[in-house]
Amino acid sequence: MTDTGAERRNFARERTHLEVEVLKDSRRIKGIMEYVSFGGALISLPKTFLSNSTLEVQFEVPGEYAPFKGNAKVVWVKKDKAIGIEFVDLPASEKLKLEKFLMSL
């Protein structure tokens, strides 16, 4: 039986195709967020990061004046340049934006 990861997830994930910007050590890398949940996301990037790296993620939320900005930890890395992230220490304002975004999907 193949492990899909569903048993380990705390939040339902939603398929999306949204441009996202990842910031790490003053570098900005654009990618595509393919899946997102209240707990994290899968992002395809032209360059990956090491597991356990911390970074900032930014993306536009329809209907919001300011973009979502949140800290995340890389929890897994795929060779095809995709990373799985877990959102960490999100302020209430960013949790609200994320919830609004998920409800719109």
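Scan the range 57-105 for residues that are among the charged types (D, E, K, R), in contact with a helix residue (DSSP H, G or I) (Cβ under 7 Å, 6 or more places away or on another chain) and within 16 Å of Gly31 (Cβ to Cβ) and report the count.
Residues flagged as among the charged types (D, E, K, R), in contact with a helix residue (DSSP H, G or I) (Cβ under 7 Å, 6 or more places away or on another chain) and within 16 Å of Gly31 (Cβ to Cβ) within the range 57-105 amount to 1.
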Next item on the list: Return the pairs, sorted by first residue and then second, in which the second residue is assigned to a helix (DSSP H, G or I), the first residue lies in the range 89-103 and is closer than 12 Å to Pro62 by Cα, the beta carbons are less than 9 Å apart, and the residues are 6+ apart or on different chains.
Entry: none
Next item on the list: Inspect the range 35-55 for any residue being charged (D, E, K, R) and modelled with pLDDT of 95 or more and give the result as yes or no.
Entry: no
Note to self: One residue is enough: does the range 35-57 have a residue meeting the conditions under 13 Å from the mean Cα position of the chain (by Cα) and of a type in the set (Asp, Glu)?
What the structure shows: yes
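The values are calculated or read from the model by the stated rules, or taken from the named source; none is laboratory data. Bear in mind that the values here come from a model prediction, so they are computed numbers and not experimental data. Don't worry about glycine lacking a Cβ; one is built from the backbone with ideal geometry, like all the others, and counts go over all protein chains shown.
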